[in-house]
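J.: My questions will all concern the structure given below.
The values are calculated or read from the model by the stated rules, or taken from the named source; none is laboratory data. Note that the structure is a prediction, hence the values are computed from the model and not measured. Cβ placement follows ideal geometry from the backbone for every residue including glycine, while neighbour counts extend to all protein chains displayed. These area figures cover heavy atoms from the full protein model, side chains too; ligands, DNA and RNA do not enter into them. Shrake-Rupley method; radii C 1.70, N 1.55, O 1.52, S 1.80 Å.
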2 protein chains.
Amino acid sequence: MIADQAKAMSSFLPTEQRLQITCRQHPAFPREPAVLVRLIKHIYKRVHDDANALLKPWGINHPEYNLLMMLYGTERYTLNPSQLAEAAGEKSANITRLTNELCDKGLIERTASDEDRRKIALTLSKAGIAMIESFLPDICTLLERQTAGLQPREMLQLEKLLKKFLGQLELA
Amino acid sequence: MIADQAKAMSSFLPTEQRLQITCRQHPAFPREPAVLVRLIKHIYKRVHDDANALLKPWGINHPEYNLLMMLYGTERYTLNPSQLAEAAGEKSANITRLTNELCDKGLIERTASDEDRRKIALTLSKAGIAMIESFLPDICTLLERQTAGLQPREMLQLEKLLKKFLGQLELA
DNA sequence: TATAGATATTACATTTATGTATTAAATGAT
DNA sequence: ATCATTTAATACATAAATGTAATATCTATA
């Protein structure tokens, strides 16, 4: 059990030890918050890389996937660029480039909004919906596998704590 | 209380609602893992941006900070490029560029290793140590503020769950 | 209706991150 | 000792992400 955990933590252990040493040299350094931030970073990188690898056969990457899924999760599969930016957590400058690429690939369509001519509507095309439905089974499998180490109860707890964390980050 | 949470969650709520809709359209979609992954992403981006903003006056960015701190947390302030890559969670191709910049700024030094001529030792310079000690108070303040919403007990719980999550990611 | 202010969107330049291929040196087997 | 294999490190080309500034349309007010 202890051995298992040591093995599972192999990539993070050295990082944690270095934070430990830092605390000795600089006692005011808050070990716990620093560990959390590092863990978040390591997890994010891993999740990002896994998704990119899975999606490669479809010719899209993780950020593009996120955009497609945000549209897929919206009534009539339609959002403005700015809504999409917020939903996907991308900066607006990135949205232009990413949606251009998705348009070029025929996965989404742009149409001018009638009500407000400042706005543009981004809508999933038939091909886009079809592609989503073709990779979703693999995505589901990946998500299940990535979280296989957590009990349902632990996942709920983790969700609650991460939301609290994010909430505080947005206050500051 | 409920209002507070809703307010604090303002940026994540739309994302969560979209995942909800996705589940209705595709019942096999595992909502909980997807929410966790999204939360990680949102938190990471925020933490990354905050650190970059804080470090700007010193002329370094978050990845460079991470490298400096990994050296600072090591005996004799010295690591090989490959150890540094693993500790900081950067791909090796990035290490060359980042350490070049840190060398140019006089914050670290390169010396050839005697034992193994394949290796290069990267060591914090006096200027590097001085810079770290000059920004550390601000970093400590930032870390404290970012986690101010979490009780010590909650942080420990979060750490435990994130480690479990990361451990599983590395198995897969 | 004219105009000031706000918001959305995009274009462009720059910085950051990654993938692939190459070089160099150590290790191990014959 | 020699050659094949492995590992470390880097160079170069490409892709991704960001910041800044410019443009266009809306809203509200005089």
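J.: Compute the label-point distances linking A:S92 to its equivalents in the other copies; points lie 7 Å from Cα along Cα→Cβ; give nm, one decimal, shortest first.
T.: Nearest to farthest, the other copies are at 4.2 nm.
J.: Among B:N94, B:T15, B:L67, whose Cα projects farthest towards the positive end of the dipole of the protein assembly as shown, with charges put on the beta-carbon of Lys, Arg (+1) and Asp, Glu (-1)?
T.: Value computed over the given set: B:T15.
J.: I'd like the projected area of the stretch B:26-72, averaged over all directions, using the convex hull of its alpha carbons. Report it in nm² with one decimal. Display every interim value, and only then the final one.
T.: Values: hull surface 17.9 nm².
Computed as one quarter of the Cα hull surface, the answer is 4.5 nm².
J.: Buried accessible area for the B:A pair, summed, 1.4 Å probe, in Å² rounded to 100?
T.: Values: alone 12600 and 12630 Å², together 16840 Å².
The summed interface area works out to 8400 Å².
J.: Treating the beta-carbon of each Lys and Arg as +1 and of each Asp and Glu as -1, no other charges, what is the dipole magnitude of chain A about its Cα centre, to the nearest 20 debye? Can you show the working numbers first?
T.: Values: 23 positive and 21 negative charges, 128 e Å.
Charge dipole of chain A: 620 debye, to the nearest 20.
J.: Give me Rg over Rh for the stretch A:93-172, both radii from the alpha carbons and Rh done the Kirkwood way, two decimal places. Numbers along the way, then the final one.
T.: Values: Rg = 18.5 Å, Rh = 16.3 Å.
Dividing the radius of gyration by the Kirkwood radius yields 1.14.
J.: If r is the Cβ-Cβ distance from B:N100 to B:H62 and R0 is 25 Å, what FRET efficiency results, to the nearest 0.05?
T.: Numbers: r = 17 Å, r/R0 = 0.69.
Calculated transfer efficiency: 0.90.
J.: When the Debye formula is applied to the Cα atoms of the stretch A:17-99, each taken as the same point scatterer, what base-10 log of I(q)/I(0) results at q = 0.22 Å⁻¹?
T.: -1.00
J.: For B:A130 and A:L156, what is the calculated FRET efficiency with R₀ set at 35 Å and r taken between the beta-carbons, to the nearest 0.05? Please list the in-between numbers first.
T.: Values: r = 46 Å, r/R0 = 1.31.
It comes to 0.15.
J.: Can you run phi through the Karplus equation (6.51, -1.76, 1.60; θ = phi - 60°) for the stretch B:127-143 and list ³J(HN,Hα) in whole Hz, with x for Gly and Pro?
T.: These are the phi-based 3J(HN,Hα) values: 4, x, 4, 5, 5, 4, 5, 7, 9, 4, x, 5, 4, 4, 4, 4, 4 Hz.
J.: Another question, then. Could you identify which residue out of A:L161, A:L71, A:L19 has the top mean-square fluctuation in a GNM of chain A using Cα springs shorter than 10 Å?
T.: A:L161
J.: For the stretch B:38-43, take each phi angle, set θ = phi - 60°, evaluate the Karplus expression 6.51 cos²θ - 1.76 cosθ + 1.60, and give the result in whole Hz per residue in order, putting x for glycine and proline.
T.: Using θ = phi - 60°, the values come out as 5, 4, 4, 4, 4, 5 Hz.
J.: Kindly report the accessible area of chain A per residue (heavy atoms of protein chains, probe 1.4 Å, no ligands, DNA or RNA), in Å². Mind dumping the intermediate values first?
T.: Numbers: 8420 Å² over 172 residues.
For chain A, the solvent-accessible area averages 49 Å² per residue.
J.: Tell me the mean residue ellipticity at 222 nm calculated for chain B from its helices only (DSSP H runs of n ≥ 4, each -39500 (n - 2.57), averaged over every residue, nearest 500). Please list the in-between numbers first.
T.: On the way: 8 runs with 118 residues, N = 172.
Value at 222 nm, helices only: -22500 deg cm²/dmol.
J.: Could I ask something else about it? Say each of B:L171 and A:Q25 gets a label point 7 Å from the Cα, pointing the same way as Cα to Cβ; how far apart are those two points in nm?
T.: Each label point is offset 7 Å from its Cα along the Cβ direction, giving 3.6 nm.
J.: Now, a different point. With N set to the number of residues, divide the alpha-carbon radius of gyration of chain B by 2.2 N^0.38 Å and report two decimals. Each step should come with its number before you reach the end.
T.: Details: Rg = 20.1 Å, N = 172, 2.2 N^0.38 = 15.6 Å.
So chain B has a normalised radius of gyration of 1.29.
J.: Find every distance from the label point of B:E75 to the corresponding label point in the other copies (7 Å from Cα along Cα→Cβ) and write them in nm, one decimal, shortest first.
T.: 6.4
J.: Net charge around A:T22, counting only other residues with Cβ within less than 13 Å of its Cβ (Lys, Arg = +1; Asp, Glu = -1)? Write down the numbers at each step before the final one.
T.: Numbers: positive: A:R18, A:R24, A:R31, A:R38; negative: A:E16, A:E32, B:E75, B:E133.
Around A:T22, the charge tally is 0.
J.: If the limit is 31 Å between Cα atoms, which of A:K105/A:K163; A:K119/A:K164; A:K119/B:K45; B:K91/B:K126 go over it?
T.: Working: A:K105/A:K163 35 Å; A:K119/A:K164 33 Å; A:K119/B:K45 26 Å; B:K91/B:K126 27 Å.
A:K105/A:K163; A:K119/A:K164, as the Cα separations exceed 31 Å there.
J.: With a 1.4 Å probe and all protein chains left in place, how much of the accessible area of the protein assembly as shown comes from carbon and sulfur atoms, in whole percent? Present the calculation step by step, with values, prior to reporting the outcome.
T.: Working: 9020 of 16840 Å².
On the protein assembly as shown, the fraction of accessible area on carbon and sulfur atoms equals 54 percent.
J.: Separate question: In Å, what Kirkwood hydrodynamic radius results for the protein assembly as shown from the alpha-carbon pair distances? Before the final figure, lay out each step's value.
T.: Working: mean 1/r = 0.0461 Å⁻¹.
21.7 Å is the Kirkwood radius here.
J.: Something else: What FRET efficiency comes out for the pair A:D138/A:T111, r = Cβ-Cβ distance, R0 = 22 Å, nearest 0.05?
T.: On the way: r = 30 Å, r/R0 = 1.39.
Efficiency computed from Cβ-Cβ geometry: 0.10.
J.: Okay, next question. Among B:P57, B:S113, B:V35, pick out the residue whose Cα is farthest towards the positive end of the charge dipole of the stretch B:9-127, where Lys and Arg carry +1 and Asp and Glu carry -1 on C-beta, about the Cα centre.
T.: Of the options given, the answer is B:V35.
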